Amino acid sequence: MANNSPIGVYDSGLGGLTVWREVRRALPTESLVYLGDGKNCPYGSRPREEIVRLADEAVARLVAEGCKMVVVACNTATAAAIDFLRAKYASLPIVGMEPAVKPACLATRTGIVGVIATERSLDGDLFRRTAARYGEGIKVITAPGRGFVELVEENREESDEALETVHRVVDGMVAEGADQIVLGCTHYPFLMSALRRVVEGRNISIIDPSPAVARRVAQLLEKFSLAADPRQTPTYQFITFADEEYRLRLERKALSSL
Ligand code: DGL
């Protein structure tokens, strides 16, 4: 039987919209509720316990909105809270973000992979485990994307400052010989044009894991028989813990990202 309840997609702010748009593209009959916290963004350097509390509030809100599944479209919240969330909301399928270290390690020709993420994601167990599992014999270099989230939250992705900020973070990886750069934070794909300019003329791939996350959502809908009626006209709702102005920004950014 079809289940027309929405899928919840959650991030600290606007970044999870890069996942939202992939889920929307892959599953065009599914209704979506996007929760961009906004009030507590950025999460990137907050203590783990605080992120767990914020993620718990967010998932509780999406459950209250009637969501049949939740996508934690935030690497930082996934790294800090996914085990807690899966234990607490045991009957709710929850999809998290995994840093795309595996495809990068499989694809590298130089044997050097760069990963950009928030501080909290990089020092979490999830990243350490993933890097250890797939990175054998490969040098995985990491750098926090300092300033990236702020640029995206302030809609300054196309500015000169964005290009300078990306240069500051990525140049070192390029100099070390990385030929794969993994975007380990859902805000970062919004900086794709600056990232592409920075690596221009070199044989470097930039890996955005969000299409893989959308495929995982599709698999779980199948597995738990949760897919919507294929004739359903989907609805797209945007909610936040910040104010109405932020909510409208979420909506505008979502539409402009399609
Ligand atoms: N978009 C988030 C992530 O994927 C977090 C950014 C932040 O709030 O610092 O990690």
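Listing for the model above:
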| item | result |
| --- | --- |
| Cα-only Debye scattering, the range 67-191: base-10 log of I(q)/I(0) at q = 0.17, 0.22, 0.23 Å⁻¹ | -0.90, -1.24, -1.29 |
| Percent breakdown of C-alpha pair distances by 10 Å bin, ordered from the shortest bin, for the chain | 7, 32, 36, 20, 5, 0 |
| Environment charge at Pro6 (Cβ cut-off 12 Å; Lys +1, Arg +1, Asp -1, Glu -1) | 0 |
| Anisotropy class of the range 205-258 from Cα gyration tensor, a/c 1.5 cut | oblate |
| Å² per residue, accessible surface of the chain at 1.4 Å | 45 Å² |
| Potential extension, Ser45-Ala107 segment - 0.36 nm per residue separation minus Cα distance | 19.3 nm |
| Sum of -39500 (n - 2.57) over DSSP H runs of 4+, divided by residues of the chain (222 nm, nearest 500) | -14000 deg cm²/dmol |
| Cα-based shape type of the range 158-252, given that a ≥ b ≥ c are square roots of the gyration tensor eigenvalues and the cut on a/c is 1.5 | oblate |
| Reference-scaled alpha-carbon Rg (2.2 N^0.38 Å with N residues) for the range 1-136 | 1.09 |
| Pair Glu119, Thr29: separation of 7 Å Cα→Cβ label points (nm) | 4.7 nm |
| Solvent-accessible area, 1.4 Å probe, carbon plus sulfur percent, for the chain | 49 percent |
| Within-11-Å neighbourhood charge of Leu226 [Cβ basis; K, R +1; D, E -1] | 0 |
| Too-long pairs where the Cα-Cα distance tops 24 Å, listed order kept, from Lys139/Lys253; Lys39/Lys253; Lys88/Lys253; Lys39/Lys102 | Lys139/Lys253; Lys88/Lys253; Lys39/Lys102 |
| The chain: relative contact order as a whole-number percent, Cα under 8 Å and 6+ apart | 30 percent |
| Debye intensity ratio I(q)/I(0), log10, the range 102-170, q values 0.19, 0.20, 0.25 Å⁻¹ (C-alpha model) | -0.81, -0.86, -1.04 |
| Nearest 10 degrees, 0 to 90: helix 210-223 Cα axis against the chain principal axis | 30 degrees |
| Between helix 125-134 and the chain: long-axis angle, C-alpha atoms, 0 to 90°, nearest 10 | 60 degrees |
| Rounded Å value of the spacing that divides the Cα centres of the range 119-197 and the range 23-64 | 21 Å |
| Helix 75-88 axis, angle to the chain major axis (alpha carbon atoms, nearest 10°) | 40 degrees |
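The values are calculated or read from the model by the stated rules, or taken from the named source; none is laboratory data. Source: prediction; values computed, not measured. Virtual Cβ from ideal backbone geometry, glycine too; neighbours counted across all protein chains shown. Accessible surface areas use protein heavy atoms only, side chains included; no ligands, DNA or RNA. Shrake-Rupley method; radii C 1.70, N 1.55, O 1.52, S 1.80 Å.
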